[in-house]
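K.L.:
Just dropping this structure here.
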Amino acid sequence: MAWITYAFYWTGMNNLKNRYTTYMQTKEQALEFLNLVKGLKDNGHKMQEISNVLGMHPPVLSSLYKTVLPAIIQPSTESISEDKVTDKAFGLVNNISKDKTLRNLATYVSTLKSISEEKNNSQNLQFYDPYKKVVANSYSFMCSNLLGLYDCFTHSSNSNTIKHEPLLISDKSIRKYVEVNKGNKFSQFPMEGFMFLCGSHMITIHLFDSKDDIQEAGMLQLIQPFMKDFKLLRGIYLSLGFSRAPIARRVVLSKVSAQCSREEFNEIPTKYYQKDDCPSDICKEIIDYISDQNDIIECFSLPHPAFDVQDLVKEKSMVHKFRSEL
């Protein structure tokens, strides 16, 4: 009989330990949830926006934030078991499922973290203010049509090669804008920015240096597709060339997939090809379209510029000499 009593004792102790561990995990997640929501509210986000991202009704989020989770973190002084603390907290309201909330609490925290990190890492949002109206008006169309992973093809600005790098267009629903990432950790000059529509015929992408978010790094002007199932976008890419002077050249975005995680995107390398040595799986028409030297307009930095008409003569001479040596 003694061993039976001993077994029951240890079973009870293990159950008590498991309940305590579960409660402490729930308490920790609840505290993190509350801090993240408070941080987003302090940064100007409304509860309606946050609830939309979490996929819950605003009254449910409000009850969690104001009543249920605070009661789990700071239970009443009466002595009750850990599992009873959780039951009592959810008993304070009648519009929330305890099981569903506890099952998804870690996911809610992860989602809120990604939103907070997006806010902290996207200091370029200060540049978006003049474009708020046009960005907001563009948001619905682009979220349904343009999101996804693309192969971006341009003529390299610092060598006579074809540059092939990943470009990701993703939805930042909490702020109602479309983010663009051109290049990643494998790129020499990774860029990030935002996209909006210019009238009914053109898409504009503003890009900033990912390593220096004060510096605008480039702009893409693309012809807007009029159908939903398109295979590529084409247009002009304006940026700074190797000499830190403006250069404009053709760009092609070939759509790879409608969905791509940030982790998958960050593993795609940037590649450079000679025009005659491109892999066979890359469309020849794309290479021909972007690689013609006559399609490149490049300014050159002049030694001792006078900023008069003589600079135009000197630069044109440099352009002819440079092209003849290619």
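The values are calculated or read from the model by the stated rules, or taken from the named source; none is laboratory data. What you are looking at is a predicted structure, and each value in this text was computed from that prediction instead of being measured. With ideal geometry, Cβ positions are generated from the backbone for all residues, glycine too; neighbour counts draw on all protein chains shown.
K.L.:
Does residue 30 count as over 16 Å from residue 108 (Cα atoms), assigned to a helix (DSSP H, G or I) and at pLDDT 85 or above?
P.N.:
Working: over 16 Å from residue 108 (Cα atoms): no; assigned to a helix (DSSP H, G or I): yes; at pLDDT 85 or above: yes.
The answer is no for residue 30.
K.L.:
Taking residue 280 as the residue in question, decide whether it is assigned by TED's automatic domain parsing to the domain that holds residue 152 and out of contact with any strand residue (DSSP E or B) (no Cβ under 9 Å at 6 or more places or on another chain).
P.N.:
Working: assigned by TED's automatic domain parsing to the domain that holds residue 152: yes; out of contact with any strand residue (DSSP E or B) (no Cβ under 9 Å at 6 or more places or on another chain): yes.
Against the criterion (assigned by TED's automatic domain parsing to the domain that holds residue 152 and out of contact with any strand residue (DSSP E or B) (no Cβ under 9 Å at 6 or more places or on another chain)), residue 280 qualifies.
K.L.:
Could you list, in sequence order, all residues of the stretch 149-161 that are at pLDDT below 90 and in contact with a Lys or Arg (Cβ under 7 Å, 6 or more places away or on another chain)? Outline the logic, then answer.
P.N.:
Restricting attention to the stretch 149-161, the residues satisfying the condition of being at pLDDT below 90 are 155-161.
Within the stretch 149-161, 155, 156 qualify.
K.L.:
Go through the residues of the stretch 312-319 one by one and say whether even a single one is in contact (Cβ under 8 Å) with a residue 40 or more places away in the chain and surrounded by fewer than 16 Cβ atoms within 10 Å (Cβ to Cβ).
P.N.:
Of the residues in the stretch 312-319, the ones in contact (Cβ under 8 Å) with a residue 40 or more places away in the chain are none.
No: the stretch 312-319 contains no residue that is in contact (Cβ under 8 Å) with a residue 40 or more places away in the chain and surrounded by fewer than 16 Cβ atoms within 10 Å (Cβ to Cβ).
K.L.:
Okay, moving on. Could you tell me which residue of the stretch 40-54 is surrounded by the most Cβ atoms within 10 Å (Cβ to Cβ), considering only residues that are in a helix (DSSP H, G or I) and in contact (Cβ under 8 Å) with a residue 24 or more places away in the chain? It would help to see each step written out before you state the result.
P.N.:
Residues of the stretch 40-54 that are in a helix (DSSP H, G or I), as a first pass: 40-42, 47-54.
Filter once more, so that each one left must be in contact (Cβ under 8 Å) with a residue 24 or more places away in the chain: 40, 49-50, 52-54.
On the way: 40: 20, 49: 18, 50: 22, 52: 15, 53: 17, 54: 19.
For the stretch 40-54, the residue satisfying everything is 50.
K.L.:
Quick check on this structure: which one of 293, 224 is free of Cβ contacts under 8 Å to residues at least 40 places away in the same chain and closer than 23 Å to residue 188 by Cβ? Step through it out loud before you land on a result.
P.N.:
Values: 224 fails: closer than 23 Å to residue 188 by Cβ.
Going through 293, 224 in turn, the sole match is 293.
K.L.:
Follow-up. Of all residues being hydroxyl-bearing (Ser, Thr, Tyr) and more than 27 Å from the chain's Cα centre (by Cα) in the stretch 254-287, which is nearest to residue 164 (Cα to Cα)? Just the residue, please.
P.N.:
So in the stretch 254-287, the residues hydroxyl-bearing (Ser, Thr, Tyr) come out as 254, 257, 261, 270, 272-273, 280.
Those still in the list that are more than 27 Å from the chain's Cα centre (by Cα) too: 273, 280.
Values: 273: 8, 280: 14 Å.
The selected residue is 273.
K.L.:
Determine, yes or no, whether residue 21 is part of a helix (DSSP H, G or I), modelled with pLDDT under 75 and either in the same structural domain as residue 100 (by TED's automatic domain parsing) or under 28 Å from the mean Cα position of the chain (by Cα) (or both).
P.N.:
Here the answer is yes, as residue 21 does meet what is asked.
K.L.:
Something else about it: With the requirement that a residue be part of a loop (DSSP other than H, G, I, E, B) and at pLDDT below 80, what does the stretch 55-104 give you?
P.N.:
Listed by number, the residues that qualify are 55, 74, 75, 76, 77, 78, 79, 80, 81, 95.
K.L.:
Can you name the residue in the stretch 243-266 that is part of a strand (DSSP E or B) and charged (D, E, K, R) and, of all such residues, is surrounded by the most Cβ atoms within 10 Å (Cβ to Cβ)? Even if it seems obvious, please write down each step before you answer.
P.N.:
If we filter the stretch 243-266 for residues that are part of a strand (DSSP E or B), which is where we start, we get 246-257.
Then keep just the ones that are charged (D, E, K, R); that gives 249-250, 255.
On the way: 249: 22, 250: 18, 255: 18.
Of everything passing the filter in the stretch 243-266, 249 is surrounded by the most Cβ atoms within 10 Å (Cβ to Cβ).
K.L.:
Which count do you get for residues in the stretch 272-288 that are within 20 Å of residue 234 (Cβ to Cβ) and in contact (Cβ under 8 Å) with a residue 60 or more places away in the chain? Before the answer, list the steps.
P.N.:
So the first thing to find is which residues in the stretch 272-288 are within 20 Å of residue 234 (Cβ to Cβ), and the list is 273, 275, 278, 281-288.
Add one more test, that the residue is in contact (Cβ under 8 Å) with a residue 60 or more places away in the chain, and what stays is 273, 275, 278, 282, 286-287.
Going through the stretch 272-288 one residue at a time, the tally reaches 6.
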